[in-house]
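All remarks here apply to the structure that follows.
The values are calculated or read from the model by the stated rules, or taken from the named source; none is laboratory data. All values reported here derive from a predicted model rather than from experimental measurement. Please note: Cβ atoms are built from the backbone with ideal geometry, for glycine as well, and neighbour counts cover all protein chains shown. Accessible surface is based on the protein model in full, side chains and every heavy atom, while ligands, DNA and RNA are left aside. Shrake-Rupley method; radii C 1.70, N 1.55, O 1.52, S 1.80 Å.
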Amino acid sequence: MYKVENYPQIRDHFYLKGRGAGASKALRGRVAVVTVYARRSPTDWGPAMQAKLRSARQAAGELLVAEAARYGVKLELKFYRAEVNLPADADPKKLCYLHVKEAFQNRTMEELQAHYEKTLNVDEAVLLLAVESPGRSYASMAWQGFQWKGADLPEMSTVLLRPDTTAHHACYLVAHELLHQFGAMDYYFPEEVATWAKRYFKDSIMGVGDGMAVDDLTAYLVGWKDTVSAASWWFLKRTSHITAERFFQMLIAEKKKK
């Protein structure tokens, strides 16, 4: 096992900057997930869709608790519910805390999470925005020493579900996005990262296939480990040239292609 801080080849890697950053520090102990049901029309979140989301949350929670235990970490996830009404033309691809903050008295994410941590008596509290819509789920996360367009991002997940979303994929989406809030990074982008991820983290829930395992590096990023394995060390070494600026340039370029 390798202590990251002892290796200058990897210790400043951009992919490590999300560990412990922002309002969501570590996915361990007692964690509350406040699911915010976003309604853009009266027909959103009927009984069948609510049942689908409840099942996805339960399955994702059981998965993450079991994976944490595999690393010797105790995790207790509790799910709570809130609701917000959004304009009918709200774009689900751009929904984030800025769209719902009025419903939460315009608190910052840090203030809001501190409020829930105190009132719910938990170690961490995060928000999961749920939208009944086609599209790609996503999360915003913070990085140490880096700001997006001059500001810190409010850490929050947005999960998009539709009637034909399978139970397996719905579970995957909830677990995957929650891991992002605590510092996990995607392995399927950019292409050069995906190439090495296929070699070192082929079964990862953050990766390039259908795997549902929390890999060694992700476990380190979300606070389940204090060291990384040889596989993680080599992955970080081989991708160490990817700076924050390079990463976001590639991300913007990818979005323009779509």
Is there a pair in Lys74/Lys118; Lys25/Lys74; Lys3/Lys237; Lys25/Lys225; Lys74/Lys202 whose C-alpha atoms are over 18 Å apart, and which pairs would that be? Lys74/Lys118; Lys74/Lys202
With +1 assigned to the C-beta of every Lys and Arg and -1 to the C-beta of every Asp and Glu, and no other charges, what is the dipole magnitude of the chain about the Cα centre in debye, to the nearest 20? 260 debye
Hey, can you find the accessible area per residue of the chain for me, probe 1.4 Å, expressed in square angstrom? 48 Å²
I'd like the antiparallel share, as a percent to the nearest 5, of DSSP beta bridges with both residues in the chain. 20 percent
Entry for semi-axes √(5λ) of the Cα gyration tensor in Å (calculated from the structure that is shown) out of (1) 29, 20, 19; (2) 26, 23, 17; (3) 37, 21, 14: (1)
Taking the Cα centre of the chain as the origin and placing charges on Cβ (Lys, Arg +1; Asp, Glu -1), which of Thr158, Val4, Ala139 is farthest toward the positive end of the dipole? Val4
Summing -39500 (n - 2.57) over every DSSP H run of at least 4 in the chain, dividing by its residue total and rounding to the nearest 500, the 222 nm mean residue ellipticity is -11000 deg cm²/dmol
By accessible area with a 1.4 Å probe, ligands and nucleic acids excluded, highest first: order of Met185, Met1: Met1, Met185
Length-normalised contact order of the chain, Cα under 8 Å, at least 6 apart, in percent, tallies to 28 percent
Summarise the accessible area of region 1-105 (1.4 Å probe, protein heavy atoms) by the percent that is carbon and sulfur. 51 percent
Which order, highest average first, do 170-183, 210-223, 237-250, 188-201 follow once you tally other Cβ atoms within 10 Å for each residue and take the mean per peptide? 170-183, 210-223, 188-201, 237-250
